[in-house]
1. For a quick check of your reading of the model, give me the residue pairs whose first member lies in region 293-311 and is under 16 Å from residue 359 (Cα atoms), whose second is surrounded by fewer than 20 Cβ atoms within 10 Å (Cβ to Cβ) and β-branched (Val, Ile, Thr), with beta-carbon atoms closer than 9 Å and at least 6 apart or on different chains.
2. Quick one: would you say residue 100 is within 27 Å of residue 195 (Cβ to Cβ), modelled with pLDDT under 95 and either of a type in the set (D, E, K, R) or in contact with a helix residue (DSSP H, G or I) (Cβ under 6 Å, 6 or more places away or on another chain) (or both)?
3. All but one of (1) assigned to a loop (DSSP other than H, G, I, E, B); (2) on the phi > 0 side of the Ramachandran plot hold for residue 254; which doesn't?
4. Hey, which of the strands (runs of 3 or more DSSP E) in region 300-385, taking only ones fully inside, have at least 3 residues that are on the phi < 0 side of the Ramachandran plot and at pLDDT below 90?
5. Criterion first (among the hydrophobic types (A, V, I, L, M, F, W, C) and under 15 Å from residue 179 (Cα atoms)) does residue 51 satisfy it?
6. Could you tell me whether residue 269 is farther than 24 Å from residue 338 by Cα and outside any strand (DSSP E or B)?
7. Tell me, please, whether a residue that is in contact with a Lys or Arg (Cβ under 7 Å, 6 or more places away or on another chain), surrounded by fewer than 20 Cβ atoms within 10 Å (Cβ to Cβ) and among the hydrophobic types (A, V, I, L, M, F, W, C) can be found in region 124-147.
Amino acid sequence: MRTFDHKLFGLILLALLALLGVARAQEFDTKAPFAVLMDYESGTVLFNKNADERLEPASMAKLMTLAVVFDQMQQKKLQPTDEFFISEHAWRDGGAASGGSTMFAELNSRIPVMDLVRSVIIQSGNDAAIALAEGIAGTEVSFAQMMNRLGQEIGLTSSYFVNATGLPDPDQYSTARDLATIARFIIAQFPDCYPIFAEKEFTWNKIRQLNRNSLLEIGIGVDGLKTGHTEAAGYGEVISTATTGRRLIGVLHGLKSMNERTEEARKLITWGTRGFELVPVYPEGKTVANASVYGGASETVPLVGKGSIDLFLPKGAQNCPQAVVTYNAPILPPVRKGDPLGQLQVSCNGLVVQVTPLYAGEDVAEGDIVRKATDALKELALGWL
């Protein structure tokens with residue numbers, strides 16, 4: 001990994017912050033052992049607490065179940081009005097007899113897909129999740145394979161699913177960052193389905209159940225997504241809001257009670273919406289740094305953001321920002337414009353507050369034999385650090 005310390009970049013930003021006239025920084029922390037706050041538009045991480053450590057996802061794994069269902073619907077392989085059978089497995093292991101969250105579906109009944117979806121989102125129905133899995137893939141095991149394939153496609157880096165419900169299994173795991181990535185995928189790709197996450201209640205079999213996401217009721221603009229809890233993992237939640245015109249996605253897990261989960265989630269999302277100043281830095285296409293290309297027709301390739309790069313810096317931050325660009329070296333040709341190559345990492349007060357992906361700003365073809373020989377000598381003499 002090569003590191004580029006952009007000191008001039010930091011000085012420019014310090015001048016910008018001086019113009020903003022900000023005061024002393026307010027530091028943030030949470031009781032949650034695992035947490036992440038992500039900017040929806042860019043995927044930038046604004047807060048990270050053990051966000052890449054494995055955790056038991058509990059019912060938050062149902063977001064991956066829903067992602068597969070929505071994807072099948074988008075591909076027209078599944079219709080909202082299709083009806084799925086409630087099997088013995090769905091009824092016994094996910095229904096009332098199981099003691100877990102359920103829609104109280106009747107054994108051998110048939111239920112429309114969108115009613116099953118509403119149960120999974122609002123009631124966290126395990127029977128509904130199993131019915132969807134069996135209706136789409138035949139078995140829950142086969143459906144879990146679909147979950148894992150789609151997870152790889154959308155960029156999950158440390159998740160593995162073995163069931164559609166999130167019920168405990170030693171082989172099932174995820175991370176706070178991956179759960180935020182799933183939420184981001186759902187919001188971006190399925191805007192027609194996303195409003196269901198904000199519905200306050202759902203009734204099935206004459207049993208009315210309220211949405212388990214208590215943050216919907218407290219007036220801070222949260223409109224999704226999913227809670228989770230097991231005895232071993234504690235209480236967790238994936239949340240999102242766009243109250244200020246800028247959508248944020250938050251994940252917390254490992255809390256001790258529903259009340260603590262609600263309070264810590266409220267604090268995280270409030271800090272995210274109120275605690276940052278927006279500082280435009282690089283317009284679209286502006287070079288952030290140049291990365292060396294080994295054996296390329298050009299010695300370097302410009303690194304740029306996807307669109308403009310705006311920094312969201314804590315209000316009143318001192319020792320801020322400190323910016324570092326990193327990329328994996330050596331970069332080998334051919335390089336295509338838009339290839340992901342590195343990242344811009346911004347820290348304030350010793351804490352990473354933003355990580356923005358960087359991409360190749362132009363194509364770089366393979367160099368001639370002279371260029372390759374020259375770079376080979378450089379590698380022998382200096383190495384690629």
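1. 293/300; 302/287; 303/287; 304/287; 310/279
2. Considered against the rule, which asks whether it is within 27 Å of residue 195 (Cβ to Cβ), modelled with pLDDT under 95 and either of a type in the set (D, E, K, R) or in contact with a helix residue (DSSP H, G or I) (Cβ under 6 Å, 6 or more places away or on another chain) (or both), residue 100 comes out as yes.
3. Of the numbered conditions (1) assigned to a loop (DSSP other than H, G, I, E, B); (2) on the phi > 0 side of the Ramachandran plot, the odd one out for residue 254 is (1).
4. It comes to 309-314, 322-327, 340-348, 351-360.
5. In short, yes.
6. The answer is yes for residue 269.
7. no
Conditions (1) assigned by TED's automatic domain parsing to the domain that holds residue 174; (2) at pLDDT 95 or above; (3) within 20 Å of residue 103 (Cα to Cα); (4) of a type in the set (Asp, Glu), marked per residue:
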| site | (1), (2), (3), (4) |
| --- | --- |
| 203 | yes, yes, yes, no |
| 224 | yes, no, yes, no |
| 227 | yes, yes, yes, no |
| 247 | yes, no, no, no |
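The values are calculated or read from the model by the stated rules, or taken from the named source; none is laboratory data. None of the values given here were measured: they were computed from a predicted structure. Every residue, glycine among them, receives a Cβ derived from its backbone with ideal geometry; neighbour counts consider all protein chains shown.
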